Structures are given as structure tokens and as C-alpha cells.
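The structure under discussion appears below in the form of C-alpha cells.
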Amino acid sequence: MARNMQPIAKRCKALGISPAVMGYAKKETNRNPGGQMRKKKSEYGIQLNEKQKVKFIYGILEKQFHSYYEAAAAAPGKTGDNLLINVERRLDNVVYRMGFAMTRRQARQLVNHAHFTVNGKKVNIPSYQVKAGDVIEVAEGSRSSEVFKRLTGQDAPIFLLPPWMEREKNTLKGTVTRLPAREDIDIPVEEHLIVELYSK
């Protein structure tokens, strides 16, 4: 499976986003501090940058991202909103948002290794699209793992959940109460520029 192996902090700096968006609160880089000042970007460059942001944040490669765009364009409503909602509904992102993983990269790996069930059935496809009412739970055989043990008990970390999902503290189960709306998605991106890029 193809993966983007670029250093997180370096890529975040190039795209103009905070590593915190990726789940890395303490990463930063001091290399080439004036690198962003070299030249003014063209209109195409600005549009491309917004697309690269979304692909990088969610860990999606070009072919799959284009499929998300085509599905968004075919659906009713704003194409840009539909695009972000589609990528936000990925199982690896939902696992990350529910606090079962520290980063989306870790969430993708955990899903790949079949550590989660959706409505009682094991799912190992990170791009699986969740629906309203879906119950995501750590698989019974995975609960003794150190990765998940830290999520229960007195010292369990507290996560700020998006309004479209819920999870009781000290449990390894969460529910997608509704589909996300555009205002629920907090990534720093101007999705209309991506639509303009693909519309050319």
C-alpha cells in the first residue's frame, strides 16, 4: 500500500498548517524559516495547496481523493461541503475523532489491523464510510492491548468530541449520532478552491 512518508513537521510547514491539526501537538521544525517568503504563489498554486492540505491531513492519495471529488460533485448540495463530509466520514478519521488513536496515521494502522468493529462486525478498511447510527467499538480481543488500556480508568485522557458523535468516558465504544455538517469540520481549508481546481 502506498504511503506518504514525508516528515510531518516539514510537510505541515510547506502547506501552512499547524501540526496540531494532525494530532502532533509538540512537533515543529526550524529549517528554512524564510522558506514561505520566497515567491508569491499563482492562482493554480493556491488551489493546489488547498487540495494537498486535505489529502495530507486525512492521509489520502490522489486516485482515491479524485474518487471522493467525483462522488461529491454527483451528490446534491455544495460540492466542496460534500467532499469534506465524505473524507470526514472515513473510519480511520472517526476512530481518531473519538479519541481511540492519537493521530490519524495511528488510527489508520489500528483499523488496518482489525482492532475495531462497526455495528458488531470487524472492519479493517480505513476508508470505510460510517453512517448515522453506526456504533464503533474496540474489538473484544484487542481490549487488553496497552494502546487501549490507557483509555479507561482514572487517568483516561479526556477528548473533545465533535457534535456529530458521542462516547461515554471509560468505555471503548462510540456512536455516530448523525452525519457531520460542514460547520462541524474544523480543518483549515478553503474547499471552494479545490472545486475551482477540478473544474478547470
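Laboratory data are not the source of any read-out in this text; all were calculated from the coordinates shown. Predicted model only: the values in this text are computed from it and were never measured. Reconstructed Cβ throughout: ideal geometry from the backbone, glycine too, with neighbour counts over all protein chains shown.
Figures for the structure shown
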| item | result |
| --- | --- |
| ³J(HN,Hα) computed for each position of segment 106-117 - Karplus, 6.51 cos²θ - 1.76 cosθ + 1.60, integer Hz, glycine/proline x | 5, 4, 4, 5, 5, 5, 4, 8, 6, 8, 10, 10 |
| Where chymotrypsin sites (Phe, Trp or Tyr not before Pro) fall in DSSP loop in segment 91-184, at most 15 other Cβ within 10 Å | 159 |
| Largest-first principal axis extents of the Cα set of segment 88-130 (Å) | 23, 19, 15 |
| Long-range HN-HN contacts of residue 165 with modeled amide H, under 5 Å | 177 |
| Principal semi-axes in Å for segment 123-200 [√(5λ), Cα gyration tensor, largest first] | 31, 15, 13 |
| Percent of alpha-carbon pairs separated by more than 11 Å within segment 132-175 | 68 |
| 3J(HN,Hα) from dihedral phi, segment 165-174, Karplus parametrisation 6.51/-1.76/1.60, rounded to Hz, x for glycine, proline | 9, 9, 7, 6, 4, 6, 10, 10, 9, x |
| Value of Rg/Rh across segment 35-86 [Cα atoms, Kirkwood radius] | 1.06 |
| Three principal axis lengths of segment 78-177 [C-alpha, angstrom, descending] | 43, 25, 24 |
| Coil-residue trypsin sites (Lys or Arg not before Pro) of segment 74-157, DSSP, other Cβ within 10 Å capped at 16 | 78, 131, 143, 150 |
| Gain on full stretching of the segment that runs from residue 67 to residue 147 - 0.36 nm per residue minus C-alpha separation | 25.5 nm |
| Pairwise centroid distance, computed over Cα atoms, of segment 73-115 with segment 123-151, Å | 13 |
| Sequence-distant residues sharing a close amide H with residue 116 (under 5 Å, placed H) | 123, 139 |
